[in-house]
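Values quoted throughout were computed directly from the atomic coordinates according to the rules given, and no laboratory measurement underlies them. This is a predicted model, so every value here is computed, not measured. Glycine also receives a Cβ, built like all others from the backbone with ideal geometry; neighbour counts cover every protein chain displayed.
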Amino acid sequence: MLVVDPDEAFGQVLQPLLGSDYLLLQESSISEAIAGFSAAVPDAILLNLDAAGQEQNTSLLRAANERNAPLPVIAYSWEPVGPKVLNAFREGAFDTISQPLDVQQMRFALDRACRRSALARELAETRQLLGTTRVEGLLGNSKSMERVSEVARKVAEVFTTVLITGESGTGKGMIAQAIHRLSPRAEKPFVAFSACNFPESLIEDELFGHEKGAFTGATQVRRGRFEEANGGTIFIDEIGDLALPLQAKLLRALQERTVERLGSNVARPVDVRVICATNRNLEKMVEEGTFREDLYFRISVVKIQMPSLRERKEDIPLLAEHFLRTFAKAHKKAARTFTPGYLSALSRHPWPGNVRELQNIVERSVVLANGNEYLGVSDLPEELRDLTIADENVRVGSFHEAVQAFKKELVRSALRMHDGNRLKAAVELGISRCYLHRLLNQFNLAEEEAAQQELEEDDAPIVPEFKETQPERHRMTIRIA
């Protein structure tokens, strides 16, 4: 434990009171403390808020929280409620304790801080390990996202067109940017263009540019998106919305690697990697004659299908935690984690808007939260509040515990959906039956399932033996639920 307090006697008195389970290292100033935990990482920091100004305390709190594995800071002050304490919470203090210090309370806070610190390090190490095989910017541990990451990494190394398909809000633009970042063209421009954002009459000008005097109002030469992306990547979103005449001009640009500005007959060479995306069924459009078959084959050399969020619900806790951290920092809010009820509601929502909808819901919750450390059911939009069945009074101590609660609820829901059929439940969750069996044992759901089956049996004689054991089963069911 790193103690930040100018009074050397404080650490000398506190060390024997806490016992041999803790080793206290003390620094007298904020600057020395920051340098100290940058060199040797402690499990937690004890900060005397009264010993320095608010600006100095803020600098330490921010330095501790901006680490790859954030360090929990326990702040103590003679003012239990005041500007210093409130500011410490806003800047991410793990806990605050009022003086005179209670040793048992201090022990309890330190134990919780150590567990949080260990989990933060484990999460940072896992992220670093995943970073060697996953694509930066793509969050998710599901098998479907593993396949997307694998294809993206392979296709980034070569110069070929890519077609990304999937529902709106699944992150097609994110995968396009990830491919560009991983490619040899990463230092060159990445230019995005959405066909649905412009009227048909302006799309050609946007893509290929125009010469001075090409039309009324064309007072100067304008380069199009293809020329702006020269040497890099152009991302054409919603390509299914292009009209047939524009499809023909785009096909010519792709085949000949040249563009002609409006009002000019000069073919200008461009070196551009093309990535397209759509939420429409281009194969069906080809059959209907609304999309050129030759253009379809030209842009779909490699196809990447982005899964919907309801197809990878196991990624929801990771995505939600990422958005929570992002928006809490951006909006300077105290929210750090979720209650099981909040995650339970997220697991039951059908997510028609996919990841974009989840992002919006978490941001709304962060913005409208009442300064609490936890986001609960009351922070959800009204239409999601009735979807939870978890006990909202339960509070989690870490993101890891919240994820465990979410997994348990996800497994229980899959079993209920398929009337206890474990094979079908495993298929629904996208996991192996052996892994499902381990989860059942881990969460004691096997016993809960057996108890539920006995309660749902057809009318049968109630024998004394059942009466004697029923209270124990009843208590067990309530405790687990």
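Spin-label model, Arg107 to Arg356: label points 7 Å out along the Cα-to-beta-carbon direction sit 5.4 nm apart. Each of Arg62 and Arg257 was given a label point 7 Å from its Cα along the Cα-to-Cβ line. The distance between the two points is 4.8 nm. Between the Cα long axis of helix 143-156 and the first principal axis of the chain there is an angle of about 50°, rounded to the nearest 10.
Figure the gain on full extension for Val13 and Phe297 (residue separation times 0.36 nm, minus the Cα-Cα span) and round it to one decimal in nm. Walk me through the numbers on the way to the answer.
Working: separation 284, 0.36 × 284 = 102.24 nm, distance 7.57 nm.
The span from Val13 to Phe297 would gain 94.7 nm if fully extended.
Compared with the dominant principal axis of the Cα atoms in the chain, helix 8-18 is inclined by about 80°. Can you tell me how region 1-59 classifies by the Cα gyration tensor, rounded, prolate or oblate, using a/c under 1.5 as the rounded cut? The shape class here is oblate.
Residue by residue, region 253-268 carries 3J(HN,Hα) couplings of 4, 5, 6, 9, 6, 9, 9, 10, 5, 4, x, 9, 9, 7, 7, 9 Hz when phi is fed to the Karplus relation 6.51 cos²θ - 1.76 cosθ + 1.60 (θ = phi - 60°); x denotes Gly or Pro. Can you give the % of DSSP beta bridges in the chain that are antiparallel, to the nearest 5? Beta bridges within the chain, antiparallel portion: roughly 10 percent. Inverting the pair-averaged 1/r between distinct Cα atoms of region 143-307 gives 16.3 Å as its Kirkwood hydrodynamic radius. Placing a label point 7 Å from the Cα of His331 along the Cα-to-Cβ direction, the residues of region 341-378 whose backbone N falls under 15 Å from that point are 357-378.
Cross-link pairs exceeding 22 Å in C-alpha to C-alpha distance, out of Lys84/Lys329; Lys188/Lys212; Lys143/Lys172, comprise Lys188/Lys212.
Based on DSSP H runs of at least 4 residues, each adding -39500 (n - 2.57), what is the mean residue ellipticity at 222 nm of the chain after dividing by all its residues, to the nearest 500 deg cm²/dmol?
Details: 21 runs with 243 residues, N = 481.
Helices in the chain give a 222 nm mean residue ellipticity of -15500 deg cm²/dmol.
Relative to the current alpha-carbon distance between Ser378 and Phe89, full extension at 0.36 nm per residue lengthens the span by 101.9 nm.
Please check which bits of region 282-317 a label hung off Leu423 would reach, taking the label as a point 7 Å along Cα-to-C-beta and the cut-off as backbone N under 11 Å. Nothing falls inside the zone, counting backbone N under 11 Å. The magnitude of the dipole of the chain, with charges of +1 and -1 set on the Cβ of Lys/Arg and Asp/Glu and taken from the Cα centre, is near 1520 debye.
How much length, in nm to one decimal, is gained on full extension between Leu25 and Met285, taken as 0.36 nm per residue of separation minus their Cα-Cα distance? Could you put the intermediate results ahead of the total?
On the way: separation 260, 0.36 × 260 = 93.60 nm, distance 6.87 nm.
Between Leu25 and Met285, full extension yields an extra 86.7 nm.
Relative to the dominant Cα principal axis of the chain, helix 399-417 is inclined by about 70°.
By the count of other C-beta atoms within 10 Å, a proxy for reagent exposure, Cys114, Cys276, Cys196, Cys434 are ordered fewest to most as Cys434, Cys196, Cys114, Cys276.
Mean silhouette area of region 228-301, derived from the convex hull of its C-alpha atoms and averaged over all directions, reads 5.1 nm².
In terms of packing, defined here as the mean over residues of other Cβ atoms within 10 angstrom, the peptides 166-179, 333-346 line up highest first as 333-346, 166-179.
Taking region 162-199 and a reference point 7 angstrom along Cα→Cβ of Lys249, the backbone N atoms nearer than 20 Å belong to 191-199.
Averaged over residues, the count of other Cβ atoms within 10 Å places the peptides 24-35, 312-323 in the sequence 312-323, 24-35, highest first.
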